[in-house]
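We did not get these values from a lab; they are worked out from the coordinates using the rules stated. A quick note: this is a predicted structure, and the numbers were derived from the prediction, not measured. Every residue, glycine as well, gets a Cβ built from its backbone with ideal geometry; the counts of neighbours run over all protein chains shown.
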Amino acid sequence: MVIIPDGQPYIQAIHPGWYGHKVAELSMLRLDIVHHDISGNKWYKLKHNIEHCISNNINRVLTFGGAYSNHLAATAAMANLAGLQSVGVVRGLFSEQRLTPTLQFCRDNGMALHYISYEDYSRKGDEDMLQNLGLIFPGTFIIPEGGANDYGRLGAEEIAAYIPDYYTHIAVSVGTGTTLVGIVNRLHIQQSVRGFAPMKGGGYLNDEVCCYIHEEKQANYKIYDNWHFGGFGKYNDALILFMNDFYKQNNIPLDVVYTAKMMSGIKEQVTAGVFDVAARILCIHTGGLQGNTSLAGRLIY
Ligand SMILES: *Cc1c(COP(=O)(O)O)cnc(C)c1O
């Protein structure tokens, strides 16, 4: 890959006082530091997609996302660094004069923004919609929303290489489930994965990801949706307090859309005594900090 990472992932211990000493270890795998603009799991999910384009002389990628989408921002940045053109199909008819910070970032990285209505966006995977986009933007490689394709899952498998066998449980945030699938498939058979979905009713993802999980690993994961804080992209004062407190105690910034909700869930489970005292838990920091710009001044980091 022509793009050089900012740093190598590392494991950072969480202060035992934060989880009431209820398990043997709780740590975080810092993927957020991999690249400032292509953060966390997005680096892994996108790299093979971009490499596919480079090795096949495809000079434009197109993908989908909302106005605060980490995936859209990361795709714009990676395409730009790789010397590819990019198109972002955006959910909602935004005015060019009033872009969100995320969309402005995409624009600054050369991404052409193509706005469609919420209704059209709900058909983003349909064959006729993709064909139509192919006509408007010929010679383009289309990456599904969230990088949820074979290249995405392949890249996500590489994350498992940073997870030592002695961890008994892994916690990860779930959007499309692409990252969870890659990790579950590559982990040791005795390690189990807890996914935390940040949207209402996200439990449906259990069935959605199941067909990509290897047969012998089918019982090794479960996705929880109790910690959505009102829905996808929603938050309350308690969550902001939680993020600031976590930062004070552990010096790790969490993002409001995904990782804060996951850590809130894992803390509640740990302190409720869900895990054996010998459990060693590794939480994946999947990045996404660019999304915190919407919190304007409410965070201490
Ligand atoms: C995109 C994103 C996710 C969701 O990843 P999936 O592979 O779609 O499940 C999780 N956490 C963060 C911080 C993200 O930006």
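Quick notes
- Comparing TYR118, TYR167, TYR224 in a Gaussian network model of the chain, where Cα atoms under 10 Å apart are tied by springs, the biggest mean-square fluctuation is seen for TYR118.
- Among ARG98, ARG153, ARG30: highest mean-square fluctuation, GNM of the chain, C-alpha pairs under 10 Å: ARG98
- Shape of segment 49-96, Cα gyration tensor, a/c cut at 1.5: prolate
- Secondary structure note: in the chain, about 10% of the DSSP beta bridges are antiparallel.
- Using the Stokes-Einstein relation with a Kirkwood hydrodynamic radius computed over Cα pairs, the translational diffusion coefficient of segment 37-136 at 25 °C and a viscosity of 0.890 mPa s comes to 179 µm²/s.
- Hydrodynamic radius of segment 150-301 by the Kirkwood approach over all distinct alpha-carbon pairs: 15.9 Å.
- Each listed q (0.07, 0.10, 0.12, 0.14 Å⁻¹) maps to a log10 I(q)/I(0) for the chain from the Debye sum over equal C-alpha point scatterers, namely -0.25, -0.53, -0.77, -1.05.
- Centroid-to-centroid separation of segment 67-98 and segment 116-176 [C-alpha atoms, Å]: 14 Å
- This ranking places LEU93, LEU187 by how few other beta-carbon atoms lie within 10 Å of each, fewest first, which gives LEU93, LEU187.
- VAL34 long-range amide H proximity, modeled H, under 5 Å: GLY40
- Gyration tensor verdict on segment 141-200 (Cα atoms; rounded if a/c is under 1.5, prolate if a/b is larger than b/c, oblate otherwise): oblate
- What the Cα convex hull of segment 1-72 gives, in volume per residue, is 129 Å³.
- Rounded to whole numbers, the Karplus 3J(HN,Hα) couplings from phi for segment 85-92 are 7, 9, 10, x, 8, 9, 6, x Hz, using 6.51 cos²θ - 1.76 cosθ + 1.60 with θ = phi - 60°, and x at Gly and Pro.
- Estimated vicinal HN-Hα couplings, Hz - segment 206-221 in sequence order (Karplus 6.51, -1.76, 1.60; Gly, Pro = x): 3, 6, 5, 7, 3, 6, 9, 8, 4, 4, 6, 10, 4, 8, 9, 9
- Point-charge dipole on Cβ atoms (K/R +1, D/E -1) for the chain, about Cα centre, debye to 20: 540 debye
- Residues of type lysines that LYS248 reaches as a straight line, Cα spacing below 25 Å, ignoring anything fewer than 8 places off in the same chain: LYS22, LYS234, LYS261, LYS267
- Segment 246-301, Rg to Rh (Cα coordinates; Rh as Kirkwood inverse mean 1/r): 1.03
- Ascending count of other beta-carbon atoms within 10 Å, so fewest first, for VAL274, VAL89: VAL274, VAL89
- Near ILE223, the amide H atoms lying under 5 Å from its own belong to GLY195; only residues 5 or more places off or on other chains count, and H is placed 1.01 Å from N.
- Dipole of segment 152-238, positive direction: furthest Cα of HIS228, ALA171, LEU187, with charges on the beta-carbon: HIS228
- Ranking of ILE4, ILE240 by count of other Cβ atoms within 10 Å, fewest first: ILE4, ILE240
- Size descriptor, Kirkwood hydrodynamic radius, that averages inverse alpha-carbon separations across segment 72-228, Å: 17.5 Å
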